[in-house]
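The values are calculated or read from the model by the stated rules, or taken from the named source; none is laboratory data. On a predicted model such as this, the values are computed, not experimentally measured, just so you know. For neighbour counting, all protein chains shown are included, and Cβ atoms are generated from backbone atoms with ideal geometry for every residue, glycine included. Heavy atoms of the whole protein, side chains included, go into the accessibility calculation; ligands, DNA and RNA do not. Shrake-Rupley method; radii C 1.70, N 1.55, O 1.52, S 1.80 Å.
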Amino acid sequence: MPEKPDWLTAMFPWRQESLTVNGRRMAYLDEGPKAARPVLLLHGNPTWGFLYRDFVEPLTSAGYRVIAPDCIGAGYSDKPRIDAAYSLAHHIADLVSLIDQLDLTGMAIVGQDWGGPQGVGAALQRLDRVAAIALMNTWLFTDYKGRFHTSARPWTTWHAPVIGPYFLKRLKVLSAGGPSVTSRRGMSQAEARAYHHVYDERESETVTLTWPRSIPLREGDRGWADMAWIQRQLPRLSDIPIQLIWAPEDQVFPIEYANRLKELLPHAEGPKIYDKAAHFLQDDRGPEIASDLAAFLNRTVGPQQ
């Protein structure tokens, strides 16, 4: 696992632990009382645990244990150079391994973007360990596809055999530009560097190419069967408190995705709407969302297991 550079400490002061999941090293931060209720903070593409930096102090101060892993291929975790390492099933299995090795019980799962299907996919395999779920700008279904994912630019262009690798690996449009380009509040150069430096190593951005190609648009696509299984299993979450938190200005997962989740999870609270925020709403409105999340957890499950 690479060493965290000194310049990052001021913005991300927490020590990153690591363990081996399915043969690869996964980095994660683990803050707060070990006996408290764990809150698992799950990122998507092309971010890493840095996305949740504004959540650590509010949640630990409220008495929770905060665990924020870097998915395999992202952040300070191992970055295999092979596309096959990054299926949805692989990511879910990696998360299940983390949950089992840390023996997390009574946990709250928080997922945004790919963190949604990964987190809920893992929850459905370890339902006896789950106490609450919060979902932000994500999806858990195959039966709705928005404009972004069906348009030629940029989405289907990224799927093309030659053009996709050119944009995502040669030009690094996501690994060197995703959060900083879409930020609504404006991002400092230091923050942008923090997000993007983890992909500086040559060929390290393989996951940022594979993730877009893994969003299933039609039956038979990679990930379709896994996502369809998750959708079919959602009724099993009917007794678990769920909160929907949404940035409607997000072009990737706009409010229609929240509406579909509400249909599939009618007992869920929300969606609680945050304006002045785009796809990476944790970055645009982090402190407010963290406060709202803590209030939801305090009201439904509390910090003590």
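Kindly indicate the residue of segment 188-209 that is at pLDDT below 90 and open to solvent by 30 Å² or more (accessible area, probe 1.4 Å) and also farthest from Ala84 (Cα to Cα) among those meeting that condition. That would be Asp200. Within segment 67-99, restricting attention to residues that are surrounded by fewer than 24 Cβ atoms within 10 Å (Cβ to Cβ) and polar (S, T, N, Q), the residue that is nearest to Tyr257 (Cα to Cα) is Ser87. When segment 262-305 is filtered for residues that are of a type outside the set (A, V, I, L, M, F, W, C), in contact with a Ser or Thr (Cβ under 7 Å, 6 or more places away or on another chain) and crowded, with 24+ Cβ neighbours inside 10 Å, the ones remaining, listed by number, are His279, Asp283, Asp284. Restricted to segment 223-261, and to residues there that are open to solvent by 70 Å² or more (accessible area, probe 1.4 Å) and in contact with a helix residue (DSSP H, G or I) (Cβ under 7 Å, 6 or more places away or on another chain), the residue that is farthest from Asp113 (Cα to Cα) is Arg236. Each residue in segment 100-127 was checked for being part of a helix (DSSP H, G or I), farther than 14 Å from Val21 by Cα and open to solvent by 20 Å² or more (accessible area, probe 1.4 Å), and 2 pass.
Take the residues in segment 57-99 that are part of a loop (DSSP other than H, G, I, E, B) and among the aliphatic types (A, V, I, L, M); name whichever of them is farthest from Gln125 (Cα to Cα). That would be Ala62. Scanning segment 273-300 for residues that are touching a residue at least 24 places away in the same chain (Cβ under 8 Å), of a type in the set (Gly, Ala, Ser) and over 19 Å from Gly44 (Cα atoms) turns up Ser291, Ala294.
If Ser214 satisfies every condition in (1) open to solvent by 10 Å² or more (accessible area, probe 1.4 Å); (2) modelled with pLDDT under 95 but one, which is the exception? With respect to (1) open to solvent by 10 Å² or more (accessible area, probe 1.4 Å); (2) modelled with pLDDT under 95, Ser214 is out only on (1).
Scanning segment 31-49 for residues that are of a type outside the set (S, T, N, Q), touching a strand residue (DSSP E or B) at 6+ places or on another chain (Cβ under 9 Å), in contact (Cβ under 8 Å) with a residue 40 or more places away in the chain and open to solvent by less than 10 Å² (accessible area, probe 1.4 Å) turns up Ala36, Pro38, Val39, Leu40, Leu41, Leu42, His43, Gly44, Trp48. Considering only segment 53-60, I want to know if a residue exists there that is in contact with a Ser or Thr (Cβ under 9 Å, 6 or more places away or on another chain) and open to solvent by 10 Å² or more (accessible area, probe 1.4 Å). Checking segment 53-60: at least one residue is in contact with a Ser or Thr (Cβ under 9 Å, 6 or more places away or on another chain) and open to solvent by 10 Å² or more (accessible area, probe 1.4 Å).
Among the residues of segment 1-30, those that are farther than 17 Å from Ile109 by Cβ, open to solvent by 10 Å² or more (accessible area, probe 1.4 Å) and outside any loop (DSSP other than H, G, I, E, B) comprise Asp6, Trp7, Gln16, Glu17, Ser18, Leu19, Thr20, Arg24, Arg25.
Put simply, of Ser180, Ser175 the only residue that is among the hydroxyl-bearing types (Ser, Thr, Tyr), buried (at least 18 other Cβ atoms within 10 Å of the Cβ) and modelled with pLDDT of 75 or more is Ser180. When Arg153 is evaluated against the numbered criteria (1) modelled with pLDDT of 90 or more; (2) surrounded by fewer than 17 Cβ atoms within 10 Å (Cβ to Cβ); (3) in a helix (DSSP H, G or I); (4) charged (D, E, K, R), which criterion, by number, is the only one it fails? Just one mismatch for Arg153, condition (1).
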